[in-house]
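Colleague: Got a structure here, written out as structure tokens. Questions coming.
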Amino acid sequence: MLQSKLFCKTKREAPREVEAASHKFLIRGDFVEQSFAGVYRFLPLGVMVLRKIENIIRQKMFELGAQEVILPALQNKSLWLETGRWDKIDPPLFKFKDRHEREIALGSTHEEEITDSFRHRVELPVALFQIQTKFRNEMRSTGGLLRAREFLMKDLYSFHSDEGGLKDFYEKVKKTYFDIFKTCGLKALCVEADSGTIGGSISNEFMIISAAGEDRILICDQCGFAANVEKSGKVAKCPKCQSILRQESAVEIGHIFSLGEKYSQAMSLPGAVFMGCYGIGLPRLMATIVEKNRDERGIIWPETVAPFQVHLLSLGQNEKSEKLYQDLQKQGVEVLYDDRVNKTAGEKFAEADLLGIPTRMVVSAKTLEKDSVEIKKRNEKEVKLVGLAKMKKYVK
């Protein structure tokens, strides 16, 4: 991609009201822009990252044996009345009437929809997932993508003939979630959590310790117990080993629920059907990756989710740079080529640090004197000179 053609306009400063580091850098780097409170436009760079995250999650869902569906964002009131959640779910639903005066809701979650689909073709066991836009009627939206009112979410639902089958699958999902977050460059904690208005007997959240987080978690360094304060209350000692607990701020990046027969009974499924549901908010995960992978200059994207693998900077040597750009592309390398002639070297370096692409390559008169390219990893301080003749081998 030629940077001169990229639909992107970086900013020196973020708006004053922006506080979270991830929000600042995603706005300044023009990955996203706010439409209005809690609602964001994803621009080309942001979409590239979001799709990388989406592909990681989708592949892991397939490895679990789950099948993909797409459920409607417009939801039928009658289904919500069956479960008694039409007026009880928190945050409340976005509701409106169509031209026939029928009441409709924007989907904030899809337990009713998936259970209705399942009861028309009961097959056990089965796991179904989707990656789709959700709408949450939040009272306040803070932290940029960390708490939005409209966002992309992966939700997985599983159906089983007995509690044992549900328990086994629930544990497989736990392991898969750890794998997903590790692949995205994060080390997550699995904590005991409150089930809220989703319901179920068991609930776990996946947390990332971060000052930007609105959740408070309790951690035992002796036995590994961890819980959301909402679940355990403000207790001082571990309920398992009686050691002193420490409290941390954290961001929730995943939530899983063992629902049991809550929805299958409410919606009159034939026979015993035990359900689980498992969610990951993709934009929040994206923002959390930035919270944990950054420095004072900008983002440091993990290679697995970066919009490009290489940021090639031309400092007045466009012919050689162009050839290197073409060679890299032929090798299948994702390259953002800064071919702009109206930017100084300092401006190009500053933008490269802000955007956070893993590898920066610089072609200049100075490097070409040694028939080389300057290479620097975004997460390292060391700068290397690599000969043009060795570039193919280096990139591999």
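Colleague: At a 10 Å Cβ-Cβ cut-off, how would you order 128, 81, fewest neighbours first? The partial results should precede the final answer.
Modeller: Details: 128 19, 81 13.
Fewest-to-most ranking of 128, 81: 81, 128.
Colleague: Show that you can apply the helix-only estimate: for the chain, add -39,500 (n - 2.57) for every DSSP H stretch of four or more residues, divide by all residues, and state [θ] at 222 nm to the nearest 500. Don't skip to the answer; put the middle values down first.
Modeller: Working: 12 runs with 119 residues, N = 396.
Using -39500 (n - 2.57) per qualifying helix, the result is -9000 deg cm²/dmol.
Colleague: So, one more: Express as a percent, rounded to the nearest 5, the fraction of DSSP beta bridges in the range 289-396 (both residues included) that run antiparallel. Numbers along the way, then the final one.
Modeller: Working: 11 of 21 bridges.
Antiparallel bridges: around 50 percent, rounded to the nearest 5.
Colleague: Give 370/392; 320/348; 343/366; 5/376 a once-over and call out the pairs whose C-alpha atoms are over 20 Å from each other. Display every interim value, and only then the final one.
Modeller: On the way: 370/392 17 Å; 320/348 18 Å; 343/366 18 Å; 5/376 24 Å.
Correct reply: 5/376.
Colleague: Setting aside same-chain residues fewer than 8 positions from residue 77, which lysines have a Cα under 18 Å from its Cα?
Modeller: In chain and number order, the partners are 88, 95, 97, 134.
Colleague: Could you pull out every one of the aspartates and glutamates with an alpha carbon less than 14 Å from that of residue 323, ignoring same-chain neighbours closer than 8 positions?
Modeller: Result set, ordered by chain and number: 338, 339, 371.
Colleague: Here's another thing I want to ask about it. If the reach is capped at under 18 angstrom between alpha carbons, list the lysines near residue 231, excluding any in the same chain fewer than eight residues apart.
Modeller: Output for residue 231: 240.
Colleague: I'd like the isolated cysteines in the chain, meaning no second cysteine's beta-carbon lies under 4.7 angstrom from theirs.
Modeller: Flagged as lacking a Cys partner: 8, 184, 190, 277.
Colleague: Indicate, rounded to the nearest 5 percent, the antiparallel portion of the DSSP beta bridges found entirely in the chain.
Modeller: Of those bridges, close to 80 percent are antiparallel.
Colleague: Would you calculate the separation in nanometres between label points at residue 126 and residue 392, each defined as 7 Å from the Cα along the Cα-to-beta-carbon direction?
Modeller: Label-label distance for residue 126 and residue 392, simple model: 5.1 nm.
Colleague: If you take volume of the Cα convex hull per residue in Å³ from the coordinates, which of [x] 172; [y] 156; [z] 198 do you get?
Modeller: Answer label, from the structure shown: [x].
Colleague: Within the range 1-81, report the GluC sites (Glu not before Pro) that DSSP leaves as loop and that have at most 11 other Cβ atoms within 10 Å.
Modeller: Numbers: sites: 13, 17, 19, 33, 54, 63, 68; in loops: 13, 17, 19.
Filter output for the range 1-81: 13, 17.
No lab work stands behind these numbers, since they all come straight from the coordinates. Predicted model only: the values in this text are computed from it and were never measured. Methodologically, a virtual Cβ is constructed for each residue, glycine included, from the backbone with ideal geometry; neighbour enumeration extends over all protein chains shown.
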